[in-house]
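Working notes for the structure below.
The values are calculated or read from the model by the stated rules, or taken from the named source; none is laboratory data. The structure displayed is predicted, hence computed values, not measured ones. Cβ coordinates were reconstructed from backbone atoms using ideal geometry, including for glycine residues, and neighbour counts include every protein chain displayed. All accessible areas refer to the heavy atoms of the entire protein, side chains included, with ligands and DNA or RNA removed. Shrake-Rupley method; radii C 1.70, N 1.55, O 1.52, S 1.80 Å.
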Amino acid sequence: MKLKAILVITALLLGGFYYVSQGEPQELFLPIIPKPQSIEHTAHKTVPINFDFELSGHDKTIELLNSLMTKTYGHSFKSTSAGAKLSFDLVDSLTGPEGYSLDVSENGIEIKAEDEAGLYYGMATFWQLFTHHFDSGKPLPFVKIEDKPRFKWRGLMLDEGRHFQGAAFVKDMIDWMSLHKFNILQWHLVDDQGWRIEIKKYPELTNVGAYRVPAGEGARAILDPATGEPKKIGGFYTQEQVKEIVAYAAAKHITIVPEIGLPGHAQSALAAYPEHGVNLSGKMDVSADWGIFEYTYNLEEKTFDYLEDILLEVMDLFPSEYIHLGGDEVQKNQWKEDPRTAQRMAELGIETVEGIQPYFTRHFDQFLSKYGRKMIGWDEILEGGDIHKTATVMSWRGEKGGIEAAHKGHTVIMSPWPTLYLDMHQSTSEREPTGRPALASLTPLENVYMYEPIPKELQGTEGAHFVLGAQGNIWTEHMRTNNQVMHMTFPRAAAISEAAWSSKERDFNNFMQRLPALFNWYNKLNIAYADVAFEVRPNITAPDDEQRIVSLSSQLDVGAIHYAINKESVSASDPIYTDPLTLNKNDTLITSRFKGDQILSAPTSLKLDKVSLSMRTDDTLEVCDAGYHLKLDDDYPESKDRASFNMNILHPCWIYKGADLKDVKTLELVVGQIPFNFQIGADWKHVKFDTPTSKDGELNIYEGVCEGKPLLSLSLTPALGNHGLTNFSADLPKTFDGATDLCFKFARPAITNFGIGHNLWGLDKVTLR
Ligand code: TNX
């Protein structure tokens, strides 16, 4: 042991590199993500590392490695003969496309591949290997890694339609994706809420379609000095920018597949060119709502010409073999009710309204084929049948569509809700941003990781060969900021990368052990990832007025929970939590999970006095029933924190289970409003409120059950017109000698006219004093 240490130190001092023989064999743990197909520990020897290498081989890959090192470590590798050899070489035959081998041996570090993508992935693995060992001060073990992807489609979809992220962020995403060995970015550039790509022939698509007035009184109160009107939000990519981003992605071996949705999700386009819509509802604006919209393209010849013109420009910009034409959630009402559509259907020989979408699908499938491209659509394109064999189906409504398509001989990409939907929350932490919370269905890291792209029904059948791979979808309705996008995407994207790259046999526990290293890389890359899986969550009981019994846990169990009592911060040198703690009501507890010295999540800090323990937020109250469960705020793109409400929009109603009202005199309540900006078909008619007893409405608080005569009814007048939060304080009308359930509902007039211009009240916080 001692001799080895001396050798290492001597080696480092000399600035040269020496192989160090190690005595006893040891278990090799290499936290590489996605997990390589094979890692062989070739000898019990190591190579000491620092920033000196003797670099040789493929210049472009070396440049990419050095720019990655500069970004993440502040300086690049110096090429010197004093360092270990590090070579990147293209060879004639090896593992197949995109594969590589990485060999650490007496010859130094040799990375080989058949193609540039393979070399890049070998470089990415080397970067992980190097940084992990460098940061922990360890030499590189002699290993041979042989690796190649299981699937050829390893994708993420980024929704820019709902919130525009901008070129700098998209480039960052491309970098981050490529280090996870993703090779496809589906760029969702068009949706009801925004058109994000310049089309030269139709400038209004971006002049008009790229901007919207955000939902919410608060957001609309911010005026544009130039127009005196509410300031619009949005943006778009010029064709020059698109070209640059496509080239940037190609250099990182990512193909960008553009998505231009049709014949639905077309409101932003129709706001710009209403003549291509069904002429029923006149002029519409770019929408600031979420949900499913009525507007569809019409069947006029000039509409097909217009869509073809757009696709021609799109094909010029994107060399991708595949073009995604959307096709999801197309509503048929407008077609059904429109006499002109009936006339066109007769002319075109379309027999039923259900036949219209298949007509679009066939038309554009053939159109793309003519130009040597292949169409991809969401699984609705299967309805109506008879599409070209080359069309690819993206299965999102579960796996059904994918299975059916594969049996029919279509290639498919699996991206089923909710497992690969990154707009779903992954935990019940209060630190989850706006999005789709637990009652909508939780998508924790483990579910994503264990996703098997070949559904059971296809395993062992011909159909299995038609599965091209898997894709995670980042729908951004509720992600106003890029930080939110990062939180929702990482580390779940790492889990998807492994499902798409690594072998079928996956062990979540092994993945979990590699997460601390992943977080370390994320920190170097400035990714604002979600650490909620490691967040320490308490369970507190109070056996009497003085004592508190606190047990601690987190969703995932790696390393150890450490805690400190009555201190400002917690570190790995504080005690390790093993059994429930007995504390006093005046204590404060601060705790977090650590792996060695590395903190794995933001600390949880707890006050244990009665008032603090009584506090509930919309995240810790229960909702009265399921329905549309969302965590929401308004839509203005300011990065500063704002109130968000975890609620069922069909029935804004919350329960405080077992509120201990003994000795409580006063309830403190915080309320706010969010816009009702949802397109939910006829369900807007069923949003339930209490019947108001005055013009401005009330907040009603019930004891036990959510009906009958309220215990308290507070006028909402003081909160009207307040764009932020309003505090209420109300004395209880009687005394209680124990715990009871409290139910909170708002009384206001029913919503009218689809909810346009209406607000929903939300409960932000309840404290018992
Ligand atoms: C359904 S997935 C949609 C999107 C929404 C998403 C929200 C798909 C093809 N359509 O328009 O953003 O749900 O999860």
Carbon plus sulfur fraction of accessible area for segment 533-608, probe 1.4 Å, in percent: 47
Sum of side-chain charges, residue 64 neighbourhood, beta-carbon under 13 Å (Lys, Arg +1; Asp, Glu -1): -1
Axial C-alpha extent at least 30 Å, average Kyte-Doolittle at least 1.6 - helices from the chain (DSSP): none
Selection of GluC sites (Glu not before Pro), segment 70-158, meeting DSSP coil and at most 14 other Cβ within 10 Å: 106
Other-chain or far-sequence residues with amide H under 5 Å of residue 109's (modelled H): 85, 86, 87
Listed residue pairs exceeding 19 Å between alpha carbons, taken from 585/607; 200/232; 631/685; 78/148: 200/232; 631/685; 78/148
Packing-based ranking, highest mean first, of 151-162, 63-74 given that Cβ atoms within 10 Å are counted: 151-162, 63-74
Summed side-chain charge close to residue 317 - residues other than residue 317 whose Cβ falls under 11 Å, Lys, Arg +1, Asp, Glu -1: -3
Bridge type composition, segment 153-530 - antiparallel percent by DSSP, nearest 5: 15
Rule-of-thumb Rg ratio for the chain [Cα; 2.2 N^0.38 Å; N residues]: 1.05
Segment 616-768 - percent of accessible surface contributed by carbon and sulfur, probe 1.4 Å: 50
Beta bridges by DSSP in the chain, antiparallel share as percent, to the nearest 5: 65
Partners for residue 181 among aspartates and glutamates (Cα-Cα distance below 15 Å; same-chain residues under 8 apart left out): 98, 115, 116, 146, 147, 172, 498
Whole-percent carbon and sulfur share, accessible surface of segment 153-530, 1.4 Å: 50
Accessible area (Å², per residue) of the chain, counting only protein heavy atoms and a probe of 1.4 Å: 40
Total lysine pairs under 20 Å (Cα atoms) in segment 354-471, excluding pairs fewer than 8 apart on one chain: 8
Rounded, prolate or oblate (a/c below 1.5 giving rounded, otherwise prolate when a/b exceeds b/c) for segment 63-105 by Cα gyration tensor: oblate
Cα-based reach from residue 734 at 22 Å (exclusive), listing lysines while leaving out same-chain residues under 8 positions away: 610, 657, 662, 665, 709, 745, 765
Distance between modelled label sites at residue 544 and residue 626, nm, 7 Å Cα→Cβ extension: 4.4
Ranking by accessible area, most exposed first, for 376, 62 with a 1.4 Å probe: 62, 376
